[in-house]
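Here's the structure, in structure tokens; my notes come after.
The values are calculated or read from the model by the stated rules, or taken from the named source; none is laboratory data. Source: prediction; values computed, not measured. Cβ atoms come from the backbone with ideal geometry, glycine included; neighbour counts cover every protein chain shown. Surface accessibility is based on the protein's heavy atoms, side chains included, excluding ligands, DNA and RNA. Shrake-Rupley method; radii C 1.70, N 1.55, O 1.52, S 1.80 Å.
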Amino acid sequence: MAWRFALMIDPVSDDDTRTDVADTFTAIDPAAPALTVGELSTQRGDGIFESIGVVDGHPQEVEAHLQRLAHSARICDLPAPNLAQWRAAVLFAAEHCGAGESVIKLILSRGVEHGPAPTAWVTAAEASDFTRARTDGIRVVTLDRGYTLDVPARAPWLLLGAKTLSYAVNMAALREARSRGADDAVFITSDGFVLEAPTATLIVRHGDTFLTPAPNAGILHGTTQLSLFEYLQAQGHTAGYSVIAAADLADADAAWLVSSVRLAAPIVAIDDVAVPHDVVLTAEMNRYLLSPRD
Ligand code: PLP
């Protein structure tokens with residue numbers, strides 16, 4: 001039977017320097033109700049989250065996830081998370097993960113309507129099996145995200161670039177992709193530039209150069225992409241950020257969607273145009289992504 005673990009956190013302020021935070025954690029029954037009806041994460045999706053991959057009990061790239069949690073909190077005007085407290089919560093949850101692949105989720109919500117404080121919790125669960133996506137690859141379609149490349153800078157209230165709990169649009173894009181016979185989507189700005197997938201970062205390879213769209217275009221800075229670029233650079237490849245025109249996707253020598261739990265899924269077709277599948281390099285990437293990473 002699938003296992004699950006859940007921990008409520010009593011968030012302390014970011015300048016609290018206590019070293020023992022154990023008394024701010026309450027392990028709860030993951031199957032029992034835990035939130036009140038006034039909770040703004042459920043009423044409005046008003047909160048932020050992170051999903052951390054765990055391999056054989058080792059949580060991957062915890063610092064990068066904590067930094068992104070803090071970044072999302074800044075964009076959303078949420079109280080700054082105390083990273084030492086969240087780090088301790090991740091390590092505590094990881095102790096409940098067994099062998100194989102798991103996922104730890106961190107959730108920081110605006111809290112209860114008219115209430116005094118944010119609500120915070122952490123869950124851990126077995127990860128889905130992504131072996132087929134990693135080895136056989138995925139077909140993607142491009143979908144219009146409905147705004148131009150300059151909108152994130154002009155309209156910060158759209159919270160683009162924060163990992164908010166408002167993923168209904170992302171899930172709708174996945175359903176649209178599936179209704180078109182694909183496995184996943186790649187968002188495109190309405191002026192024709194590549195953004196990201198609903199739950200992953202896009203990486204394209206041209207010759208020996210690996211590129212991903214710059215995160216200042218209102219997309220998430222992927223922790224998996226960051227880690228993979230370090231690895232690729234250490235192997236002697238060139239890797240960097242760029243403005244990528246959707247029209248250039250068809251020329252890619254290879255492409256992947258990468259994320260913390262699915263890891264590197266090679267793209268085998270974009271809008272029904274075949275993309276070369278580099279089986280050996282993809283296997284090498286996933287071997288690296290499955291190794292313990294800090
Ligand atoms: N972009 C979006 C919209 C995502 O939801 C995610 C992950 O969930 C990513 C990119 C990839 O981020 P990471 O590699 O940190 O999982």
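Going by the structure shown, is residue 93 modelled with pLDDT of 95 or more, assigned to a helix (DSSP H, G or I), among the hydrophobic types (A, V, I, L, M, F, W, C) and crowded, with 21+ Cβ neighbours inside 10 Å?
Taking the combined requirement at face value, the residue satisfies it.
Could you say whether any residue in the stretch 126-138 is surrounded by fewer than 21 Cβ atoms within 10 Å (Cβ to Cβ), within 28 Å of residue 47 (Cα to Cα), touching a residue at least 12 places away in the same chain (Cβ under 8 Å) and of a type in the set (Phe, Trp, Tyr)?
Checked the stretch 126-138: at least one residue is surrounded by fewer than 21 Cβ atoms within 10 Å (Cβ to Cβ), within 28 Å of residue 47 (Cα to Cα), touching a residue at least 12 places away in the same chain (Cβ under 8 Å) and of a type in the set (Phe, Trp, Tyr).
In the stretch 115-159, what count of residues is obtained for those that are in contact with a Gly (Cβ under 6 Å, 6 or more places away or on another chain) and either modelled with pLDDT of 95 or more or in a strand (DSSP E or B) (or both)? Spell out how you get there, then give the answer.
If we filter the stretch 115-159 for residues that are in contact with a Gly (Cβ under 6 Å, 6 or more places away or on another chain), which is where we start, we get 117-119, 152.
From what is left, the residues that are either modelled with pLDDT of 95 or more or in a strand (DSSP E or B) (or both) are 118-119.
Counting residues in the stretch 115-159 that are in contact with a Gly (Cβ under 6 Å, 6 or more places away or on another chain) and either modelled with pLDDT of 95 or more or in a strand (DSSP E or B) (or both) gives 2.
Of the residues that make up the stretch 217-230, is at least one modelled with pLDDT under 95 and either of a type outside the set (Lys, Arg) or open to solvent by 30 Å² or more (accessible area, probe 1.4 Å) (or both)? If you could, list the steps in order and put the result at the bottom.
Quick first cut of the stretch 217-230, residues modelled with pLDDT under 95 only: 217-218.
Applying the additional criterion that residues be either of a type outside the set (Lys, Arg) or open to solvent by 30 Å² or more (accessible area, probe 1.4 Å) (or both) yields 217-218.
Scanning the stretch 217-230, I find at least one residue that is modelled with pLDDT under 95 and either of a type outside the set (Lys, Arg) or open to solvent by 30 Å² or more (accessible area, probe 1.4 Å) (or both), so the answer is yes.
All but one of (1) part of a loop (DSSP other than H, G, I, E, B); (2) surrounded by 15 or more Cβ atoms within 10 Å (Cβ to Cβ); (3) not polar (S, T, N, Q) hold for residue 236; state the number of the condition that does not hold.
(2)
Could you say whether any residue in the stretch 59-71 is within 16 Å of the ligand (Cβ to nearest atom), part of a strand (DSSP E or B) and surrounded by 15 or more Cβ atoms within 10 Å (Cβ to Cβ)?
Step one: filter the stretch 59-71 for residues within 16 Å of the ligand (Cβ to nearest atom), giving 59-71.
If we keep only those that are part of a strand (DSSP E or B) too, we end up with 59.
Retained after the next criterion (residues that are surrounded by 15 or more Cβ atoms within 10 Å (Cβ to Cβ)): 59.
Within the stretch 59-71 (the criterion being within 16 Å of the ligand (Cβ to nearest atom), part of a strand (DSSP E or B) and surrounded by 15 or more Cβ atoms within 10 Å (Cβ to Cβ)), the answer is yes, since at least one residue qualifies.
Kindly indicate whether residue 13 is surrounded by 19 or more Cβ atoms within 10 Å (Cβ to Cβ), over 28 Å from residue 100 (Cα atoms) and modelled with pLDDT of 95 or more.
Here the answer is no, as residue 13 does not meet what is asked.
Within the stretch 253-294, count every residue that is open to solvent by 10 Å² or more (accessible area, probe 1.4 Å) and not in a helix (DSSP H, G or I).
The total comes to 19.
Please give the number of the condition residue 74 fails out of (1) open to solvent by 10 Å² or more (accessible area, probe 1.4 Å); (2) more than 22 Å from residue 264 (Cβ to Cβ); (3) under 20 Å from the mean Cα position of the chain (by Cα); (4) in contact (Cβ under 8 Å) with a residue 12 or more places away in the chain.
Condition (4) is where residue 74 drops out.
Looking at residue 121 and the list (1) out of contact with any Lys or Arg (no Cβ under 9 Å at 6 or more places or on another chain); (2) over 30 Å from residue 254 (Cβ atoms), which single condition is not satisfied?
(1)
Conditions (1) more than 17 Å from residue 142 (Cα to Cα); (2) among the hydroxyl-bearing types (Ser, Thr, Tyr); (3) touching a Ser or Thr at 6+ places or on another chain (Cβ under 7 Å); (4) in contact (Cβ under 8 Å) with a residue 24 or more places away in the chain, marked per residue:
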| site | (1), (2), (3), (4) |
| --- | --- |
| 205 | yes, no, no, yes |
| 209 | yes, yes, yes, yes |
| 222 | yes, no, yes, yes |
| 233 | yes, no, no, no |
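Among the residues of the stretch 171-185, are any part of a loop (DSSP other than H, G, I, E, B) and within 16 Å of the ligand (Cβ to nearest atom)?
Checked against the condition, which is being part of a loop (DSSP other than H, G, I, E, B) and within 16 Å of the ligand (Cβ to nearest atom), the stretch 171-185 yields at least one hit.
Would the stretch 21-43 turn up any residue that is assigned to a loop (DSSP other than H, G, I, E, B), open to solvent by less than 30 Å² (accessible area, probe 1.4 Å) and within 30 Å of residue 228 (Cβ to Cβ)?
Scanning the stretch 21-43, I find no residue that is assigned to a loop (DSSP other than H, G, I, E, B), open to solvent by less than 30 Å² (accessible area, probe 1.4 Å) and within 30 Å of residue 228 (Cβ to Cβ), so the answer is no.
Considering only residues that are among the small types (Gly, Ala, Ser), open to solvent by 40 Å² or more (accessible area, probe 1.4 Å) and more than 16 Å from the ligand (Cβ to nearest atom), which ones fall in the stretch 146-170? Steps first, answer last, please.
Here is the first cut: in the stretch 146-170, the residues among the small types (Gly, Ala, Ser) are 146, 153, 155, 161-162, 166, 168.
Narrowing the set further to residues that are open to solvent by 40 Å² or more (accessible area, probe 1.4 Å) leaves 146, 153, 166, 168.
Listed by number, the list holds a single entry, 153.
Could you list, in sequence order, all residues of the stretch 1-20 that are part of a loop (DSSP other than H, G, I, E, B) and of a type outside the set (Asp, Glu)?
Scanning the stretch 1-20 gives 1, 2, 3, 11, 12, 13, 17, 18, 19.
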